[in-house]
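What follows is a set of notes on a single structure, which appears directly below.
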There are 2 protein chains.
Amino acid sequence: METNSRIETALGRVVEKTTAAPCPSHLAEAIRYAVFPGGGRVRPGLCLAVAQACGDSEPRLADAAAAAVELLHCASLVQDDLPCFDDASVRRGRPSLHERFGEAVAVLVGDALIVRSFAEVAEYVAAQPAACAQILQALADAAGAPSGIAAGQAWESEAAVDVNAYHHAKTAALFEAAAVSGAICAGGDVEKWRRTGALLGSAYQVADDIADALGESGRLGKPIHQDGSHARPSAVASLGATGAVRLLDQRLRETMHSIPACGHRESVEHFIEMAAQRLCPPELRSQLRHTA
Amino acid sequence: METNSRIETALGRVVEKTTAAPCPSHLAEAIRYAVFPGGGRVRPGLCLAVAQACGDSEPRLADAAAAAVELLHCASLVQDDLPCFDDASVRRGRPSLHERFGEAVAVLVGDALIVRSFAEVAEYVAAQPAACAQILQALADAAGAPSGIAAGQAWESEAAVDVNAYHHAKTAALFEAAAVSGAICAGGDVEKWRRTGALLGSAYQVADDIADALGESGRLGKPIHQDGSHARPSAVASLGATGAVRLLDQRLRETMHSIPACGHRESVEHFIEMAAQRLCPPELRSQLRHTA
């Protein structure tokens with residue numbers, strides 16, 4: 001099955017479990033709203049690209065891990081938009097989840113997605129304990145505290161910010177978990193793939209800063225200028241637009257060079273090329289050339 | 001080690017992992033605030049009482065499961081108090097967590113505790129896969145959707161409420177998970193213990209309704225009359241105070257009778273007697289006799 005279909009099929013399966021009877025109907029609808037239609041599905045895409053690069057010997061477990069990673073991402077977006085965080089009323093071009101379903105349901109959707117993320121992988125524990133132990137650990141490291149998404153968001157409530165810890169926790173940690181999980185499912189070198197995942201995550205963080213500073217809200221489907229208005233550290237603020245794009249390109253090159261030796265390297269190379277296109281589209285590059 | 005010390009030691013260990021460097025200091029302080037000092041520690045107490053009744057053959061895993069259950073409970077209390085839920089400014093006699101640390105940090109504490117709950121049990125997966133697979137499943141069933149705490153809270157946002165599903169999800173599910181986890185750790189009969197857990201949980205739900213309707217805010221350390229003001233289903237509203245106390249006593253008797261055959265039945269009997277005392281203290285009973 002083609003990668004995108006694998007991801008959507010796996011997500012459909014986990015969302016169905018999460019919204020089955022006797023799930024309250026409003027919550028069920030909100031859970032589907034949080035997961036479908038998706039954005040770029042970049043994190044599960046990375047997970048499966050790495051699994052395929054390493055031989056994809058346990059595709060069902062890889063699908064479960066990919067879905068788990070994406071659920072954590074979806075939960076983080078729902079929370080990010082809440083009034084007590086970014087207070088964003090639009091996401092992916094439609095009302096943000098709390099705008100549509102209320103804050104209480106939004107908080108509960110976050111919980112339900114996080115719980116399902118672990119439950120989905122836990123289903124494979126009895127059959128593949130060693131791999132699942134590592135994947136569950138990677139998911140927890142990426143999602144919680146002291147250094148996952150929860151910690152990353154919490155840095156925004158601190159008086160003094162450790163910028164490296166902030167960026168790693170907020171963005172790179174889940175990319176790491178995606179790459180690591182894909183490698184675990186197919187016997188790849190976990191620590192080497194962790195580095196590739198972290199580098200791509202760090203490229204994403206830079207690209208996100210660029211999009212926030214220079215992108216158009218309509219094309220991104222979400223509010224822009226959040227970093228400035230919340231006084232957050234940003235690559236554009238510290239390096240300027242051209243410097244930030246240069247840093248992005250450097251991170252993408254480093255990511256490409258970091259790909260470990262593996263049987264099907266081209267699956268990850270192709271994935272990173274596609275991600276790079278998406279991260280800094282040609283029209284943004286040309287806009288930058290004209291303003292530079 | 002005495003049961004209470006086991007629980008506090010296990011919780012101390014998991015909180016330390018969750019707040020280790022590089023955890024943002026504000027978040028770390030809030031996580032400790034959410035877990036210490038505790039309330040009755042009833043759910044982890046049930047988990048360990050059941051494990052002891054069944055022989056306590058894997059005490060470290062039982063401690064991990066007990067801590068995991070309590071973290072889920074602490075997370076649910078933090079969320080319950082949020083402005084978009086009960087909007088409670090007091091909990092356990094001090095400012096509720098969001099009152100003290102802000103809403104954003106409160107939401108993140110919930111995430112971090114839920115994630116740690118799964119991570120804690122996941123540490124034992126490689127050594128005890130079969131038991132951990134079942135415990136992780138029980139935790140997920142109790143915490144998420146379609147029928148755990150997230151679903152239970154979400155029933156409060158529905159126009160039409162399935163009262164049985166609501167009460168089971170909101171309260172009984174985590175008691176079930178506590179009893180089931182204790183049984184799994186010591187080779188007990190999981191389904192029989194599930195019933196005992198569910199019955200005790202249902203007694204707790206009735207007791208909670210009574211305390212909310214008749215208790216004193218100062219003694220409870222939290223706001224009262226929440227059910228009435230949020231128009232929630234309540235045993236007191238449907239049966240009157242005396243009827244509700246009669247129902248509570250009946251549920252406690254059923255719980256006691258449901259205890260499965262096991263080596264050390266007295267550990268659970270004693271636990272349930274203590275819980276009953278706590279659930280409906282003598283002064284409340286005498287107050288009810290005078291008003292009846």
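Derivation of every value follows stated rules applied to the coordinates shown; laboratory data play no part. Quick caveat, the model's predicted, so the values are computed rather than measured. Virtual Cβ from ideal backbone geometry, glycine too; neighbours counted across all protein chains shown.
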Those residues of segment B:100-143 which are under 21 Å from residue A:107 (Cβ atoms), surrounded by 21 or more Cβ atoms within 10 Å (Cβ to Cβ), out of contact with any Gly (no Cβ under 9 Å at 6 or more places or on another chain) and more than 7 Å from every other protein chain (Cβ to nearest Cβ), in sequence order: B:101, B:106, B:109, B:117
Scan of segment B:151-171 for residues that are crowded, with 23+ Cβ neighbours inside 10 Å and hydrophobic (A, V, I, L, M, F, W, C), ordered by number: B:151, B:154, B:155, B:169
Test: residue in segment B:44-51 that is out of contact with any Gly (no Cβ under 6 Å at 6 or more places or on another chain), within 10 Å of chain A (Cβ to nearest Cβ) and buried (at least 19 other Cβ atoms within 10 Å of the Cβ): no
Conditions (1) more than 21 Å from residue A:15 (Cα to Cα); (2) aliphatic (A, V, I, L, M); (3) out of contact with any Phe, Trp or Tyr (no Cβ under 9 Å at 6 or more places or on another chain); number of the one not met by residue A:133: (3)
Residue within segment A:274-285 that is in contact with a Pro (Cβ under 7 Å, 6 or more places away or on another chain), part of a loop (DSSP other than H, G, I, E, B), at negative phi and surrounded by fewer than 19 Cβ atoms within 10 Å (Cβ to Cβ) present: no
Single residue of segment A:235-247 satisfying the filter (in contact with an Asp or Glu (Cβ under 9 Å, 6 or more places away or on another chain) and buried (at least 18 other Cβ atoms within 10 Å of the Cβ)) that is farthest from residue A:284 (Cα to Cα): A:235
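From the set of residues in segment B:147-179 that are among the β-branched types (Val, Ile, Thr), within 14 Å of chain A (Cβ to nearest Cβ) and in a helix (DSSP H, G or I), which is nearest to the chain's Cα centre (by Cα)? Give the steps one after another, and end with the answer.
Just the residues of segment B:147-179 that are among the β-branched types (Val, Ile, Thr), to begin with: B:149, B:161, B:163, B:171.
Pick out the ones that are also within 14 Å of chain A (Cβ to nearest Cβ) and you get B:149, B:161, B:163.
Narrowing further to those that are in a helix (DSSP H, G or I): B:149, B:163.
On the way: B:149: 10, B:163: 19 Å.
Going through the qualifying residues, I end up with B:149.
Here's the yes/no breakdown for (1) touching a residue at least 24 places away in the same chain (Cβ under 8 Å); (2) more than 18 Å from the chain's Cα centre (by Cα):
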site	(1), (2)
A:61	yes, yes
A:65	yes, no
A:75	yes, no
A:84	no, yes
A:91	yes, no
A:99	no, yes
A:112	yes, no
Pairs with Cβ under 6 Å, 6+ apart, first in segment A:180-193 and closer than 8 Å to residue A:54 by Cα, second of a type in the set (S, T, N, Q): A:186/A:57
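For segment B:1-16, give me each residue that is surrounded by fewer than 16 Cβ atoms within 10 Å (Cβ to Cβ) and farther than 23 Å from residue B:171 by Cβ. Steps first, please.
Kept after step one, since they are surrounded by fewer than 16 Cβ atoms within 10 Å (Cβ to Cβ), are these residues of segment B:1-16: B:1-2, B:4-5, B:9, B:12-13, B:16.
Listed by number, the residues that qualify are B:1, B:2, B:5, B:9, B:12, B:13, B:16.
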Filter result for the condition that a residue is of a type outside the set (D, E, K, R) and over 22 Å from residue A:261 (Cα atoms), over A:151, A:203: A:151
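Per-residue answers, yes or no, for (1) under 15 Å from the mean Cα position of the chain (by Cα); (2) in contact (Cβ under 8 Å) with a residue 24 or more places away in the chain:
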{"position": "A:14", "(1), (2)": "no, yes"}
{"position": "A:20", "(1), (2)": "no, no"}
{"position": "A:28", "(1), (2)": "no, no"}
{"position": "A:31", "(1), (2)": "no, yes"}
{"position": "A:38", "(1), (2)": "yes, yes"}
{"position": "A:46", "(1), (2)": "yes, yes"}
{"position": "A:51", "(1), (2)": "no, yes"}
{"position": "A:68", "(1), (2)": "yes, yes"}
